[in-house]
Amino acid sequence: MLHKYLELASTPAVKAARERYGSAAQYAKLDGTLGSDGPVRNDRLGPAEAEFISGRDGFYLATVSETGWPYVQFRGGPTGFLRVLDGHTLGYADFRGNRQYVSIGNSTVNDRMSLFLMDYAHQRRLKIFGRMQVVDARDDSALAETLSVPGYPGRVERAVLIEVEAFDWNCPQHITPRFTEAEIGDVLATVRNELASLRAENDRLRLERELLSRQLADA
């Protein structure tokens with residue numbers, strides 16, 4: 001079964017590297033080496049991918065300039081600001097930033113892009129190949145409104161649509177677990193509740209001890 005992400009990523013130079021380092025046979029059935037006929041997988045986002053994407057509060061976006069230089073930036077926002085519109089389309093509201101417009105400029109000459117989404121806490125990562133379209137909010141206010149984040153400060157300047165070509169889940173090896181303030185807060189809430197319970201129990205025992213001491217002194 002052809003793995004769409006590996007097919008796109010497996011250029012002749014990549015395949016040559018696999019031959020050199022001994023992994024060509026491992027990927028031959030997936031990367032198109034043995035032909036591209038037959039069923040294709042990893043070309044349409046499913047429920048697992050949609051759930052993972054909706055739980056992220058940021059991602060890395062890679063584009064390439066007309067001079068061949070790659071550019072990677074981090075896009076952050078409220079959890080779920082990157083929307084899964086359907087199995088082949090993602091979208092997000094683009095707010096005013098530092099006004100360098102590197103990714104946007106790159107997309108006008110080469111719409112190919114890559115997303116890298118991380119879940120450090122659970123050591124998971126999702127890679128996506130796609131094509132990027134930038135729509136000015138003044139040209140399509142309805143789309144901008146659809147992708148806006150209620151209550152989030154900032155004016156939507158553009159809507160960004162991503163036509164998904166393929167995706168791939170990476171193995172968790174070498175991902176160092178890291179936790180957001182919110183994730184730590186959830187864990188600490190349980191610890192705080194247990195600590196409050198222990199303190200209450202300690203206060204109760206201390207009062208009982210003081211009462212018993214008074215009773216013994218009066219006896």
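Peptide packing for 93-100, 189-196, 76-83 was compared via the average number of neighbouring C-beta atoms within 10 Å per residue; ordered from the highest value, the list is 76-83, 93-100, 189-196. In a reduced charge model with +1 at each Lys and Arg Cβ and -1 at each Asp and Glu Cβ, region 4-101 shows a dipole moment near 200 debye about its Cα centre. Among residues other than A24 with Cβ under 15 Å from its Cβ, the summed charge is +1 (Lys and Arg +1, Asp and Glu -1). Per residue, the chain exposes 64 Å² of accessible surface when a 1.4 Å probe is rolled over the protein heavy atoms with every protein chain present. Along each principal axis, taking the top coordinate minus the bottom one, the Cα set of region 1-112 gives 47, 37, 22 Å in descending order. A Cβ-based charge dipole, computed about the Cα centre of the chain with Lys and Arg at +1 and Asp and Glu at -1, lands at about 500 debye.
Per DSSP helix of 4 or more residues, -39500 (n - 2.57); summed, then divided by the residues of the chain. What does that give at 222 nm, rounded to the nearest 500? Mind dumping the intermediate values first?
Values: 7 runs with 81 residues, N = 219.
Helix-only estimate at 222 nm: -11500 deg cm²/dmol.
The listed residues H88, H122 rank as H122, H88 when sorted by accessible area, largest first, using a 1.4 Å probe. Here is the list for region 42-85: GluC sites (Glu not before Pro) lying in DSSP coil, each with at most 15 other C-beta atoms within 10 angstrom of its C-beta, are E66. Distance distribution note for region 172-217: the fraction of Cα pairs above 14 angstrom is 70%.
Each peptide in 33-41, 164-172 was scored by the mean count of other Cβ atoms within 10 Å over its residues; highest first, the order is 164-172, 33-41. Here region 54-113 and region 1-48 have alpha carbon centers that stand 25 Å from each other. Think of the chain as a dipole: +1 on every Lys or Arg Cβ, -1 on every Asp or Glu Cβ, centred on the Cα centre; then among A159, A28, S148, A28 lies furthest on the positive end. Using the Karplus relation 6.51 cos²θ - 1.76 cosθ + 1.60 with θ = phi - 60°, the per-residue 3J(HN,Hα) values for region 18-24 come to 5, 4, 5, 9, x, 10, 4 Hz, with x marking Gly and Pro. Accessible area per residue was computed with a 1.4 Å probe on protein heavy atoms; M1 scores about 120 Å².
Here the chain has 53 percent of its accessible surface on carbon and sulfur atoms, given a 1.4 Å probe and all protein chains in place. Estimated at 0.36 nm per residue, the fully extended path between C171 and D86 surpasses their Cα-Cα distance by 28.1 nm.
The values are calculated or read from the model by the stated rules, or taken from the named source; none is laboratory data. Just so you know, these numbers come straight off a predicted model, no measurement behind them. Please note: Cβ atoms are built from the backbone with ideal geometry, for glycine as well, and neighbour counts cover all protein chains shown. Accessible surface areas use protein heavy atoms only, side chains included; no ligands, DNA or RNA. Shrake-Rupley method; radii C 1.70, N 1.55, O 1.52, S 1.80 Å.
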